[in-house]
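I have placed the structure first, in the form of structure tokens, so that the comments after it can refer back to it.
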Amino acid sequence: MRFPPLKAKACLAPLAGYTDVAFRVLAQRLGAGMCVTELVSAEAILRKNPETLRYLQFADEESPKALQIFGDDPDRLVEAASMMEAKVDLIDLNCGCPAAKIVRGGAGAALLKDPARIGRIVAALVDALSVPVTVKIRLGPSKREYTCVAVAQAVEDAGGAAVTVHARPYTQSYDKPAEWEWIRKVKEAVSVPVLGNGDITSPERAKAMLDETGCDYVMIGRAAMGNPYIFRQTDGFLTEGSYRTLSDAERIALANDYLAIAEGFDYTMPQLKGQAQVFTKGTVGGGRLRAQLNTARTVDEIGRILTAVAGQTSRDPRRR
Ligand SMILES: Cc1cc2nc3c(=O)[nH]c(=O)nc-3n(C[C@H](O)[C@H](O)[C@H](O)COP(=O)(O)O)c2cc1C
């Protein structure tokens, strides 16, 4: 199955703890081309783990509905993906997560050691599913061994629909810059769409990655946390060359939009509070606001705190 054409160039990267259903809906309303769930364990899906079910919520308006799964056993991955197939438009296989508990089990970035194995997993998924299968990778299993080109080719040969490249090797932390030139190398090696990812912090950087690497789409991760408006800005910059900056009040008001969407789904209070707090990062008085949000016990209380501050901030520009 082919990768679906997306409405916009910039997508929301999967972010554990952040790309829940309400945040994905908000990001899509603000112009994200695609929003991917956080990585979900194939084994947990099969066990119908109650916590995991929360990660498997999708909204009708999400399009495409993209679920990221991880695991290392092709049969178990196929079983889990088949269980979810009717609810989603696309399955993304995680081959980049560096977390110890995931690579220890042979999943995530551990798979980058063996492009042929990734190819076999993708072939099994493609064979079993009627939705497109994509793969998100890092550059390779270590700083000395970049397998991304071979992995992308294996994915394409196996019938995979697209590859997302986070341009860092498994062992590389975020303090060193992403190596965008490898996104270009992958793009030159395959004909399926390539999504570039790593260190996009602004609409300008999104355009630079598209221009420098020739990738088809970009994925924005950290810069979208609490800041889904970056998708509207990026779309504006790519199509018209300019974009608007939000005031603190407008940014905090978006947290209220997030809450309103979240109320239609199954949520925990820590999740809602945590997300609301991220929207306040970088705003004037944000620290105080986060402390206030910490004390909230109900969704209404979170909403009241946000509304009070958003109102105050917008009424008095001198507070900035
Ligand atoms: C808090 C956090 C959670 C993440 N969770 C996932 C995940 O579940 N699946 C995945 O493929 N990548 C995950 N990533 C990696 C991001 O998708 C992305 O590849 C990385 O942050 C680089 O993009 P950026 O520079 O735009 O943040 C995570 C990153 C962060 C910071």
Which of the residues spanning the stretch 159-177 are within 22 Å of Ala128 (Cβ to Cβ) and either of a type outside the set (Gly, Ala, Ser) or open to solvent by 20 Å² or more (accessible area, probe 1.4 Å) (or both)?
-> Gly159, Val163, Thr164
Check Ala44 against each of (1) within 16 Å of the ligand (Cβ to nearest atom); (2) small (Gly, Ala, Ser); (3) farther than 25 Å from Leu77 by Cβ and name the one condition it does not meet.
-> (3)
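Residues that are open to solvent by 60 Å² or more (accessible area, probe 1.4 Å), touching a helix residue (DSSP H, G or I) at 6+ places or on another chain (Cβ under 8 Å), modelled with pLDDT of 95 or more and of a type outside the set (Val, Ile, Thr): does the stretch 211-230 have at least one?
Keep residues of the stretch 211-230 that are open to solvent by 60 Å² or more (accessible area, probe 1.4 Å), which gives 211-212, 222.
Next cut, touching a helix residue (DSSP H, G or I) at 6+ places or on another chain (Cβ under 8 Å) only: 212.
With the extra rule that they be modelled with pLDDT of 95 or more, the set shrinks to 212.
Narrowing the set further to residues that are of a type outside the set (Val, Ile, Thr) leaves 212.
Yes, some residue in the stretch 211-230 is open to solvent by 60 Å² or more (accessible area, probe 1.4 Å), touching a helix residue (DSSP H, G or I) at 6+ places or on another chain (Cβ under 8 Å), modelled with pLDDT of 95 or more and of a type outside the set (Val, Ile, Thr).
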Here the residues within the stretch 275-287 that are touching a helix residue (DSSP H, G or I) at 6+ places or on another chain (Cβ under 9 Å) and part of a helix (DSSP H, G or I) are Gln275, Ala276, Gln277, Val278, Phe279, Gly286
Quick check: is even one residue across the stretch 49-63 away from the ligand (no atom under 11 Å from the Cβ), outside any strand (DSSP E or B), closer than 26 Å to Asp235 by Cβ and hydroxyl-bearing (Ser, Thr, Tyr)?
-> yes
Return the only residue of Leu39, Leu26, Leu67, Leu15 being in a loop (DSSP other than H, G, I, E, B), among the aliphatic types (A, V, I, L, M) and either within 14 Å of the ligand (Cβ to nearest atom) or under 17 Å from the mean Cα position of the chain (by Cα) (or both).
-> Leu15
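Among Asp114, Asp89, Asp72, Asp60, which is the only one that is under 18 Å from the mean Cα position of the chain (by Cα) and open to solvent by 50 Å² or more (accessible area, probe 1.4 Å)?
Step by step, each of Asp114, Asp89, Asp72, Asp60 is checked, and only Asp89 is under 18 Å from the mean Cα position of the chain (by Cα) and open to solvent by 50 Å² or more (accessible area, probe 1.4 Å).
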Quick one: what pairs do we get from the stretch 293-309, first residue among the β-branched types (Val, Ile, Thr), second open to solvent by 40 Å² or more (accessible area, probe 1.4 Å), C-beta under 6 Å, 6+ apart or different chains?
-> Ile305/Gln292
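Looking at this structure, is Ala22 in contact with a Phe, Trp or Tyr (Cβ under 7 Å, 6 or more places away or on another chain), among the small types (Gly, Ala, Ser) and farther than 15 Å from Val163 by Cα?
On the way: in contact with a Phe, Trp or Tyr (Cβ under 7 Å, 6 or more places away or on another chain): yes; among the small types (Gly, Ala, Ser): yes; farther than 15 Å from Val163 by Cα: yes.
Yes, satisfied.
Residues checked against (1) within 23 Å of Asp266 (Cβ to Cβ); (2) free of Cβ contacts under 8 Å to residues at least 12 places away in the same chain:
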{"residue": "Met1", "(1), (2)": "no, no"}
{"residue": "Cys11", "(1), (2)": "no, no"}
{"residue": "Pro14", "(1), (2)": "yes, no"}
{"residue": "Ala44", "(1), (2)": "yes, yes"}
{"residue": "Asn49", "(1), (2)": "yes, yes"}
{"residue": "Asp60", "(1), (2)": "yes, yes"}
{"residue": "Gln68", "(1), (2)": "yes, no"}
{"residue": "Pro74", "(1), (2)": "no, no"}
{"residue": "Ala80", "(1), (2)": "yes, no"}
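The values are calculated or read from the model by the stated rules, or taken from the named source; none is laboratory data. The structure presented is a predicted model; accordingly, all values stated were derived computationally and were not measured. Methodologically, a virtual Cβ is constructed for each residue, glycine included, from the backbone with ideal geometry; neighbour enumeration extends over all protein chains shown. Quick note on the areas: whole protein, heavy atoms, side chains included, nothing else; ligands and nucleic acids left out. Shrake-Rupley method; radii C 1.70, N 1.55, O 1.52, S 1.80 Å.
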